[in-house]
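These notes concern the structure reproduced below.
The values are calculated or read from the model by the stated rules, or taken from the named source; none is laboratory data. Here the structure is a predicted model, which means the values were calculated and not measured. Counting neighbours? That spans all protein chains shown, and the Cβs are built from the backbone with ideal geometry, glycine included. These accessible areas exclude ligands, DNA and RNA; they are computed on the full protein's heavy atoms, side chains included. Shrake-Rupley method; radii C 1.70, N 1.55, O 1.52, S 1.80 Å.
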There are 2 protein chains.
Amino acid sequence: MAEGQRALIVSAHPEPTSFQAALRAAAVEELAAQGFAVQVSDLCAMDFKATLGPEDFNDPRDTTRLNVSLEQRHAWQQGTLAPDVAIELDHLLAADLLLLMFPLWWFGPPAILKGWIDRVFVSGAVYGRTAVFEKGRLQGKRALLAVSTGAPSQSYGPHALNGDMNDILMPLHRGVLGFTGMTVLPPYVAYHVPYVGPAGRAALLSSWRHHLRALEHLPALPMPRLSDHPDALGAGERAH
Amino acid sequence: MAEGQRALIVSAHPEPTSFQAALRAAAVEELAAQGFAVQVSDLCAMDFKATLGPEDFNDPRDTTRLNVSLEQRHAWQQGTLAPDVAIELDHLLAADLLLLMFPLWWFGPPAILKGWIDRVFVSGAVYGRTAVFEKGRLQGKRALLAVSTGAPSQSYGPHALNGDMNDILMPLHRGVLGFTGMTVLPPYVAYHVPYVGPAGRAALLSSWRHHLRALEHLPALPMPRLSDHPDALGAGERAH
């Protein structure tokens, strides 16, 4: 049981009656049954702003030129993050478990979810120049992707047309979740959703619930360790 | 020389004086010198809408429920695509060469560029259910990524902290460009940009110009072929 733990579900499907919405509802129910306090960010329903731009920084350290990571660090330290970013970052920092739920579009998350990452994974708050992977500031949290596809499972695999799903999801697993120190659990993938019919979708929902019930026993994906790569970060001096 | 050919540069950096802007200016110059007619879509300057939603379809086939690929196909066939999408799609379909230029954020493109792909790579226009990879509708076009990073080159590689850049870029190379039939040229990557100083950046600009001058001789990245995977697509019937 997960009494006292918090889960954040971030979902990104533009259709409120999509199968992703059914997956999300099942997750809310399963996680609550396990004792999690569940917070949902339904990005499309929220019309979450996807694009990071200078307007995100209303008290910039440099009014003449936008350096994203420096402005993020400054805004985080000064408490001047954009309000929608600050709210989501609070949810993220409070969470013990993060679920990112989305339809696979062009081998990646829809732009609105990528924008949630670009804007909410604030430099300084979730990582630092030498605070990555096992030193990342989100260490101790677990994360899990729940992805749906139009293509069937046989189009994914090491020798399949689209390549392996683990390779497709690597930028999120390693570049976002592992990079910030999170423990990354194996993804749940619902394949071929538009074609499998009601019985097929019921079976997918059932296997998703089983995936969530097995959370405590899912083996974490392997991640690199910064300590194994002492030269990876290069010189620390910005040379403008 | 490329007389009579068209190049489309799609760039996605929120700072107009960024190094990405310098890379873009160099590309405009080099490609024009080679005889290309060059079109630039500077997504941040255009404030390009990143998020695909129901408001993109003003004459939908189904007013009750958004199915993205079906609505894209319908809007494409009926000539009712959102005006900003239609303009970008015209540029894409007219182009012989596509350059996607962006800072690597979280192992991927900024959301505004992912959104350009989500919205402009319209089902029916650029691919179909059985029109992917060598059957994709963008066959005959060449494409190239120009990426900049904050981390140094030694953090990328098969055994490096962040993994191999080709693996990081795979979703774009294989899942977007190759998937729609384009010939994918090797990417140009400018590493460690904030730290290399003016001389370092001048060297990067010079190597980028050389990359573009060698366009005709760059070997295409290998892509899978649909014909080698006859079972990849599964049943064609949607089962609602």
Response to the item:
The FRET efficiency for B:ARG65 and A:MET46, from their Cβ-Cβ distance with R0 = 25 Å and rounded to 0.05, is 0.80
Discussion item. When a/c reaches 1.5 or more, the comparison of a/b and b/c decides; with that in mind, is segment B:1-116 rounded, prolate or oblate per its Cα gyration tensor?
Written reply: oblate
Worksheet entry | Sequence-distant lysines (8 or more away, or on other chains) whose Cα lies within less than 22 Å of A:LYS49 | A:LYS114, B:LYS49, B:LYS114
Discussion item. So, taking all protein chains as they sit and a 1.4 Å probe, how much accessible area belongs to B:LYS135, in Å² rounded to tens?
Written reply: 120
Worksheet item: In whole angstrom, how far apart do the alpha carbon centroids of segment B:69-135 and segment A:51-73 sit?
Response: 29
Response to the item:
Residue-normalised 222 nm signal for chain B, counting each DSSP H run of n ≥ 4 as -39,500 (n - 2.57), nearest 500 deg cm²/dmol, is -9000 deg cm²/dmol
Discussion item. Explain nothing, just the number: dipole magnitude of the protein assembly as shown about its Cα centre with +1 on each Lys and Arg Cβ and -1 on each Asp and Glu Cβ, in debye rounded to the nearest 20.
Written reply: 580
Worksheet item: Top mean-square fluctuation among B:GLN39, B:GLN20, B:GLN78, Gaussian network model of chain B, C-alpha springs under 10 Å?
Response: B:GLN78
Worksheet item: Let a ≥ b ≥ c be the square roots of the eigenvalues of the Cα gyration tensor of segment B:136-233; is it rounded (a/c under 1.5), or, if not, prolate (a/b larger than b/c) or oblate?
Response: oblate
Worksheet item: Once you charge only the Cβ atoms, +1 for Lys and Arg and -1 for Asp and Glu, what is the size of the charge dipole of chain B about its Cα centre, to the nearest 20 debye?
Response: 280
Worksheet item: Which whole-number percentage describes the relative contact order of segment B:99-166, with Cα contacts under 8 Å and a sequence gap of 6 or more?
Response: 35
Worksheet item: So between B:GLU29 and B:SER207, what do we pick up on full extension, going 0.36 nm a residue minus the alpha carbon distance?
Response: 62.7 nm
Practice prompt. Measure off 7 Å from each Cα along the Cα-to-Cβ vector at B:LEU218 and A:GLN154, then give the distance between these two points in nanometres to one decimal.
Written response: 3.6
Discussion item. If each label sits 7 angstrom from Cα along the C-beta direction, how far apart, in nm, is B:PRO158 from its counterparts in the other copies?
Written reply: 1.4
Discussion item. Treating the point 7 Å from Cα along Cα-beta-carbon as the label, what are the nm separations from B:ASP84 to the other copies, to one decimal?
Written reply: 1.3
Worksheet item: R0 = 45 Å: FRET efficiency of A:ALA199 with A:ALA37, Cβ-based, nearest 0.05?
Response: 0.85
Practice prompt. Choose one of B:LEU89, A:VAL10, A:THR149: the residue whose Cα lies farthest towards the positive end of the charge dipole of the protein assembly as shown (beta-carbon charges +1 Lys, Arg; -1 Asp, Glu; about the Cα centre).
Written response: A:THR149
Worksheet entry | Average accessible area per residue (Å²) across the protein assembly as shown - probe 1.4 Å, nucleic acids and ligands excluded | 40
Fill in: Histogram of C-alpha separations across segment A:6-228, 10 Å bin width, %
8, 32, 37, 18, 5, 0
Worksheet item: What does the charge dipole of segment B:118-240 about its Cα centre add up to, to the nearest 20 debye, if the Cβ of each Lys and Arg holds +1 and the Cβ of each Asp and Glu holds -1?
Response: 440
Discussion item. Tell me the net charge near A:GLN5. Cut-off is 12 Å between Cβ atoms, A:GLN5 excluded, with +1 for each Lys or Arg and -1 for each Asp or Glu.
Written reply: 0
Item to complete: Two decimals is fine: what is log10 I(q)/I(0) at q = 0.07, 0.12 Å⁻¹ for the protein assembly as shown, from a Debye sum with one equal scatterer on every Cα and no solvent?
Response: -0.35, -1.12
Worksheet, complete the sentence: With one decimal in nm and the nearest listed first, the spacings from A:GLY4 to its own position in the other copies, using label points 7 Å along Cα-to-Cβ, are 7.5
Worksheet item: Which of B:THR80, B:THR130, B:THR183 moves the most in a Gaussian network model of chain B with Cα springs under 10 Å?
Response: B:THR130
Worksheet item: In the Gaussian network model of chain B, springs joining C-alpha atoms below 10 Å, which of B:PHE179, B:PHE107, B:PHE121 carries the largest mean-square fluctuation?
Response: B:PHE107
Worksheet item: Does segment A:166-216 classify as rounded, prolate or oblate by the C-alpha gyration tensor (a ≥ b ≥ c root eigenvalues; a/c under 1.5 gives rounded; else a/b over b/c gives prolate, otherwise oblate)?
Response: oblate
Practice prompt. Quote to one decimal, in nm, the extra length available between A:GLU55 and A:LEU233 on full extension: 0.36 nm per residue of separation minus the C-alpha distance between them.
Written response: 61.1 nm
